[in-house]
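K.L.:
First, the structure itself, so that you have it in front of you.
Here, each number is a calculation from the coordinates, and none is a lab measurement. In this text, all values refer to a predicted model and were calculated from it rather than measured experimentally. A quick note on method: Cβ atoms are made from the backbone with ideal geometry, for glycine too, and the neighbour counts reach across all protein chains shown.
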Amino acid sequence: MTSAAQAHEPSQPAGVSRLERVAMVYARVALGTAFLSAVAGRFGIWDRSVDWAHFARFINRTAQVNAFMPAFTIPFLAWAATVAEITCGVTLIVGFQLRWAALGSAVLLFFFAMAMTISLGVKPPLDYSVFSASAGALLLALRARRDC
C-alpha cells in the first residue's frame with residue numbers, strides 16, 4: 001500500500017495491509033461465531049428444542065473429554081467452558097480487548113485440545129481442527145493492536 005493510501009486510513013496501524021485487516025476480522029468472526037455456535041448447540045438452540053437435556057449431554061461429553069478429572073469437577077468444567085466460550089465469542093466478534101480475547105481463546109482452545117488428546121487420543125482434536133483454531137487465535141492475539 002502506498003504512503004498516500006495509508007494517509008487516508010489513519011486508524012490502520014503502520015505495516016498492516018488491507019488484506020491483513022480483512023484476515024483479522026475474518027479470524028475474529030470465525031472464531032467468535034464458532035464459540036457461540038457451540039454454546040447454542042449445547043442448549044438446543046440449533047434444533048429449536050431448548051431444554052436442559054442438551055446441557056446434560058454436554059456435561060456427559062465434558063466427562064468424556066476430561067476423563068482424567070475427578071467426577072465432581074465435571075459440572076464446574078462444563079459451566080466454566082460455557083461461560084468462557086460465550087465471553088470469548090462475544091469479545092472476539094465485537095473486537096473488545098481483542099489482544100486479550102484472542103489470547104484467552106488460544107489458551108482455552110489449547111486446553112481443550114490437550115484434554116481431548118489425553119482422553120481420546122490425538123485424532124479427534126486434529127479432526128475438529130482444535131489445534132488449528134488455537135494457533136489462529138494466537139496469531140490474532142500477536143498481531144492485534146494493543147489498544148483494541
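K.L.:
Working only within segment 86-103, note down all residues that are farther than 13 Å from Ala137 by Cα and assigned to a helix (DSSP H, G or I).
P.N.:
Those that are farther than 13 Å from Ala137 by Cα and assigned to a helix (DSSP H, G or I): Ile86, Thr87, Val90, Val94.
K.L.:
Looking only at segment 88-105, which residues are in contact with a helix residue (DSSP H, G or I) (Cβ under 6 Å, 6 or more places away or on another chain), closer than 12 Å to Val25 by Cβ and surrounded by fewer than 24 Cβ atoms within 10 Å (Cβ to Cβ)?
P.N.:
Listed by number, the list holds a single entry, Ile93.
K.L.:
Are any residues in segment 104-131 part of a helix (DSSP H, G or I), more than 11 Å from the chain's Cα centre (by Cα) and among the hydroxyl-bearing types (Ser, Thr, Tyr), and if so, which ones?
P.N.:
The answer is Thr117, Ser119.
K.L.:
Can you spot a residue in segment 22-41 that is in contact with a Lys or Arg (Cβ under 9 Å, 6 or more places away or on another chain), surrounded by 14 or more Cβ atoms within 10 Å (Cβ to Cβ) and not in a helix (DSSP H, G or I)?
P.N.:
no
K.L.:
Residue by residue through segment 60-74, note down the ones that are surrounded by fewer than 18 Cβ atoms within 10 Å (Cβ to Cβ) and within 21 Å of Gly89 (Cβ to Cβ).
P.N.:
Restricting attention to segment 60-74, the residues satisfying the condition of being surrounded by fewer than 18 Cβ atoms within 10 Å (Cβ to Cβ) are 60-61, 63-64, 67-73.
Scanning segment 60-74 gives a single hit, Arg61.
K.L.:
Still on this structure, please answer the following. Assigned to a helix (DSSP H, G or I) and within 30 Å of Arg21 (Cα to Cα) - does that describe any residue in segment 60-82?
P.N.:
Yes: one or more hits.
K.L.:
Taking Val16 and the conditions (1) outside any helix (DSSP H, G or I); (2) exposed (fewer than 15 other Cβ atoms within 10 Å of the Cβ); (3) not basic (Lys, Arg), which numbered condition does it fall short on, given that it satisfies the others?
P.N.:
(2)
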